[in-house]
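Data first, discussion second: the structure below is written as structure tokens.
The values are calculated or read from the model by the stated rules, or taken from the named source; none is laboratory data. Values in this document were obtained by computation on a predicted structure and should not be read as measured data. Reconstructed Cβ throughout: ideal geometry from the backbone, glycine too, with neighbour counts over all protein chains shown. Accessible surface areas use protein heavy atoms only, side chains included; no ligands, DNA or RNA. Shrake-Rupley method; radii C 1.70, N 1.55, O 1.52, S 1.80 Å.
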Amino acid sequence: MKKVLFSVFRLVATLVIGVALLASLTEVAAASNPADTSAGAASEAGVLAHGWFSLRNGANLSCMDADYGGGGLNGTKVQVWSCTGGANQWWRWEGDTIRTADGGRCLDADYFGSGGNGTKIQLWDCNGAQNQQWYMDGSTIRTRAGGRCLLANGSGADGTKVTLWDCFTGIGSSFLSWSWTGDTIKSQSTSQCLDADYGGGGLNGTKVQLWNCWGLPNSQWFWDGSQIRSRHGGRCLDADYFGSGGNGTFVQLWDCNGGLNQQWFQSFNQIKSRAGGRCLGTEPGSSGGNGSRVRLWDCGVGAHQAWTFNGPW
């Protein structure tokens, strides 16, 4: 009887060790072969739903591209390439940084270039330094480490490196110009657009609401640093100062002034205010509809605070 029990115990122990070894090998394989984030693994629709967008150069409409051969690792060169829809061509803003969908690292002006002309652009672990901070100025993307512009120099053929260069206008300036895929913000609750009331003329106090998407400038927006500006006059998305960033604070247009109530950041499909961290959305329980006011509210999981971003977000 003891021999039988010992044999059973040894068999069970062998099975347990085998299962543990298999799990360990699976983990190692996963670490060596991370899940594919290319277009084949993550559809374009899925990428867009999480705020990733392509970035096209104005001279040739090629896409900003993290060299596929670099694997999204530190030092991966950034270049322009014919648009393929792969994850190495998807980007999004997070505060003042621009991240790639191919590994999540940040767009980085090589530290050793000191922000001068010809400084190479690469991927690097996000660290918040100035050489990873960017802002839109019209259709150019500028570094906060010296203010130079992203340039796709030369013919714009596949593999052309992106570098920093003095910003300029006139002949050749299209190589400094970049455009994002669309520029609307849609509510996932109603599929309506974030809209600056047309009747407000884009002036101070123009209310921000939901409205059926119709492609006019009052439903188009762009990032300028951590501010979100309306293409209907250029004023900033503003959480009414007198609301103190609390629940129910209305959102409007106002002259851009750099206040915290005009600074925003994206967290997946939510837009959060830096004046208290509350989320942009309609009032909880609202059924939406044209003219529904947009306001700040404690962040939750409801679709009334979820947005589909079609632009530089």
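Some notes on this structure:
- For the stretch 205-214, the candidate set comprises residues that are surrounded by 14 or more Cβ atoms within 10 Å (Cβ to Cβ) and polar (S, T, N, Q); within that set, the residue that is nearest to D183 (Cα to Cα) is Q209.
A quick yes/no check of all residues on (1) in contact (Cβ under 8 Å) with a residue 40 or more places away in the chain; (2) under 12 Å from the mean Cα position of the chain (by Cα); (3) within 19 Å of W264 (Cα to Cα):
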| site | (1), (2), (3) |
| --- | --- |
| V78 | yes, no, no |
| T84 | yes, no, no |
| R92 | yes, yes, yes |
| G95 | yes, yes, yes |
| D110 | no, no, no |
| T119 | yes, no, no |
| Q122 | yes, no, no |
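- Residues of the stretch 80-97 that are within 15 Å of S179 (Cα to Cα) and out of contact with any helix residue (DSSP H, G or I) (no Cβ under 8 Å at 6 or more places or on another chain): V80, S82, Q89, W91, R92, W93.
- Count of the stretch 226-243 residues, restricted to those that are surrounded by fewer than 20 Cβ atoms within 10 Å (Cβ to Cβ), touching a residue at least 12 places away in the same chain (Cβ under 8 Å) and either within 16 Å of the chain's Cα centre (by Cα) or over 19 Å from S139 (Cα atoms) (or both), is 4.
- Checked against the criteria, G103 counts as in a loop (DSSP other than H, G, I, E, B), open to solvent by 50 Å² or more (accessible area, probe 1.4 Å) and touching a Gly at 6+ places or on another chain (Cβ under 7 Å).
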